[in-house]
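Down below is the structure, laid out as structure tokens.
The values are calculated or read from the model by the stated rules, or taken from the named source; none is laboratory data. These numbers come from a predicted model, not from an experiment. Every residue, glycine as well, gets a Cβ built from its backbone with ideal geometry; the counts of neighbours run over all protein chains shown. The area values use the complete protein model at the heavy-atom level, side chains included, leaving out ligands, DNA and RNA. Shrake-Rupley method; radii C 1.70, N 1.55, O 1.52, S 1.80 Å.
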Amino acid sequence: MDVFHLYYLFIILILLVITFLIGRFFGKKNERLELQATSEKLTSLFDQTSDTIKAFYDPITGAANRKSFYLRLTETMETASAGAVSSGMASSKVASAGTVSSGMASSGVDSTGAVPAGAVSSSAVPTGAVSTDAVSSGVASSVGRSFALFFLDCDRFKSVNDTMGHMAGDELLQQLVTRIQRILPSGDSIFRLGGDEFAIILGDVSSNEDITYFADELLSAIRIPWSVQDEYFEMTCSIGICLYPQDGLKQEDLIANADHALYEAKAAGGNVYCFYLDEAAEQEAFVATIEHDLKDAITKGNLHLVYQPEVNLETGAVVCLEVLLRYEHPVLGNIPPAEFIPIAEKTELIDELTIWLIEQVGEQSQQWLESGFAPMRFAINISPVILQQDRSFSILLDSFKKGIIHPSRLEVEITEEVFLENLFEIMEKLYTLKEMGVTVSLDEFETDYASIDYLKHLPVDKVKINRSVIQSVFDEDGQAKIKSIIALEKEQEIAIIAVGVETQEQINYLIASGLKQAQGYFFSKPLRAGEIEERGFLRIESGGFTYSRA
């Protein structure tokens, strides 16, 4: 029952009351009895209507609630499957200036409702997820046409509620709706999803330019300073956009895709709009596959280690082997560490992978010792997650203590990223490793002057210069960085190693500059254990690998 039905019932009630009073005034008993009976029936009907409103509508805003939403969602799904037909709109989704490509994920929605353009009060905007009846009507009327679904979320709206109170927040939302209604094309609707989240259906669009033009208008309108309770402040918004029929023929698909486009907009920092892209769905499926299959990668033999030599430039001897993890997926093939390690870091899989790696290094080291090779040092990359989480760090310590290889022959390689959070706690953990005999190495060091000064206070024994610096050693800036880091080596007694060395000319310059260690494809790419042996990188007593300085 909508507002018009209620209004109609209210008019009938007023007329009946007037008639009743007139009948009573003239003393017409029979008429009074009839009117009384009619009034009782009308009161019963009104109570039923009130119960219906309570069951299907939000009593605070008057908008349709969650129960109404799910009932309407079923109806709109049927409408979509029966009426949705691909349109002739260009399938490419262009992210113009101010846009970010979006990802796909799932999220719940609440209830339904629609407000025609021109409405003023935010309380009149239906609460819930994209009004599925309005989407349904959009689908039904968009056969052969296209429409865009916008999800909009206010950036930092929570701070307004927290600092100024909920009344101020409500007033801000009312002003927000007013602004949006002023720029909405005639016939288009805005929906309140709940809190500070809204949806807009931009109907009958003929090009991506129509969509991006309106999205830019929205961003500009909301960037205008706000005045609430005599306080002036700025607020921006994030917008996620998906298109019908390109991004889905079913309502749940459109809602999910717009929601995930919104998520990407917020992840990009806000004050932008993002289009949903199909590639994002593929990426999400890829992530889910890797996360699932990594759990069995160890037992199925899909993981292996490779080693890259670190060479002493004065003697030509291999002084350390950097250990690198490789993942050969049975279907997808080789998965780069930059893709599967972040997935493992989001779960406890990173602990399992690290333990396995340390065990493998210990077993390989023991095999080489039993084969008569001299003891070798190994450098292991440690995820920042392990140092940042107490549980993971405890697991790492136990692995070192119980491992076959002595900690004094191990190096842990970390990046500057690990110091971004809980600096003193991280430093304390690094000191714990050093006390065990483990060498701490800082990888991918950028060597800018601020970082060099910062480095003096960190508990590191070794620094690996980022390959980008090595590639620029013949530039004035690159040479200045090399000199400053070598000076630090003498001052702080920190071992310095150049990473990414590829040419003899680079080697000659590094030697002339006084750098003592290097690593890179000039010596060898990362190799499996058997290839390390075949190439002679392992030392037997005083013999072993040497390189030609030419």
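Conditions: (1) in a loop (DSSP other than H, G, I, E, B); (2) touching a helix residue (DSSP H, G or I) at 6+ places or on another chain (Cβ under 9 Å). Residue 187 meets all but one. Number of the miss?
The failed condition is (2).
Select from segment 168-204 the residues that are touching a Gly at 6+ places or on another chain (Cβ under 7 Å) and of a type in the set (Phe, Trp, Tyr) and list them in ascending order.
191
List pairs: first in segment 400-420 and touching a residue at least 12 places away in the same chain (Cβ under 8 Å) and outside any strand (DSSP E or B), second surrounded by 14 or more Cβ atoms within 10 Å (Cβ to Cβ) and aromatic (Phe, Trp, Tyr), Cβ under 9 Å, 6+ apart or cross-chain?
405/378; 407/400; 409/378; 415/445; 416/445
Search segment 212-251 for residues being in a helix (DSSP H, G or I) and of a type in the set (Asp, Glu), and hand back the single one that is nearest to residue 190 (Cα to Cα). Outline the logic, then answer.
Taking segment 212-251 and keeping what is in a helix (DSSP H, G or I), we get 212-223, 251.
Cutting the leftovers down to of a type in the set (Asp, Glu) gives us 216-217.
Details: 216: 17, 217: 15 Å.
Here the answer is 217.
Consider residue 460 against the criteria (1) part of a loop (DSSP other than H, G, I, E, B); (2) exposed (fewer than 15 other Cβ atoms within 10 Å of the Cβ): it satisfies all of them except one. Which criterion is unmet?
Residue 460 satisfies every listed condition except (2).
In segment 409-446, what count of residues is obtained for those that are exposed (fewer than 13 other Cβ atoms within 10 Å of the Cβ), under 25 Å from the mean Cα position of the chain (by Cα) and among the acidic types (Asp, Glu)?
Of the residues in segment 409-446, 2 are exposed (fewer than 13 other Cβ atoms within 10 Å of the Cβ), under 25 Å from the mean Cα position of the chain (by Cα) and among the acidic types (Asp, Glu).
Every residue in segment 187-223 that is of a type in the set (Ser, Thr, Tyr) and surrounded by 15 or more Cβ atoms within 10 Å (Cβ to Cβ), please.
Of everything in segment 187-223, those that are of a type in the set (Ser, Thr, Tyr) and surrounded by 15 or more Cβ atoms within 10 Å (Cβ to Cβ) turn out to be 189, 212.
Which ones in segment 301-324 are open to solvent by 40 Å² or more (accessible area, probe 1.4 Å) and within 15 Å of residue 334 (Cα to Cα)?
301, the sole residue that qualifies.
Under 6 Å between Cβ atoms, at least 6 apart or on separate chains: pull out the pairs that start in segment 190-201 with a residue that is more than 15 Å from residue 251 (Cα to Cα) and end on any residue that is open to solvent by 10 Å² or more (accessible area, probe 1.4 Å) and of a type in the set (Phe, Trp, Tyr).
196/157
For residues that are under 22 Å from residue 223 (Cβ atoms) and out of contact with any Lys or Arg (no Cβ under 9 Å at 6 or more places or on another chain), tally how many sit in segment 253-271.
Final tally of qualifying residues: 10.
What do you reckon, is residue 379 at pLDDT 95 or above and small (Gly, Ala, Ser)? Don't jump to the end; show me each part of the working.
Values: at pLDDT 95 or above: yes; small (Gly, Ala, Ser): yes.
Criteria met by residue 379.
Identify the single condition in (1) of a type in the set (Asp, Glu); (2) at pLDDT below 90; (3) on the phi < 0 side of the Ramachandran plot that residue 443 does not satisfy, given that it satisfies every other one.
Every listed condition holds for residue 443 apart from (2).
Identify the residue in segment 204-252 that is out of contact with any Asp or Glu (no Cβ under 8 Å at 6 or more places or on another chain) and of a type in the set (Phe, Trp, Tyr) and, among all such residues, is farthest from residue 270 (Cα to Cα).
244
From 291, 370, 339, which residue is without any contact (Cβ under 8 Å) to a residue 60 or more places away in the chain, open to solvent by 80 Å² or more (accessible area, probe 1.4 Å) and under 28 Å from the mean Cα position of the chain (by Cα)?
One residue alone meets the criteria, 339.
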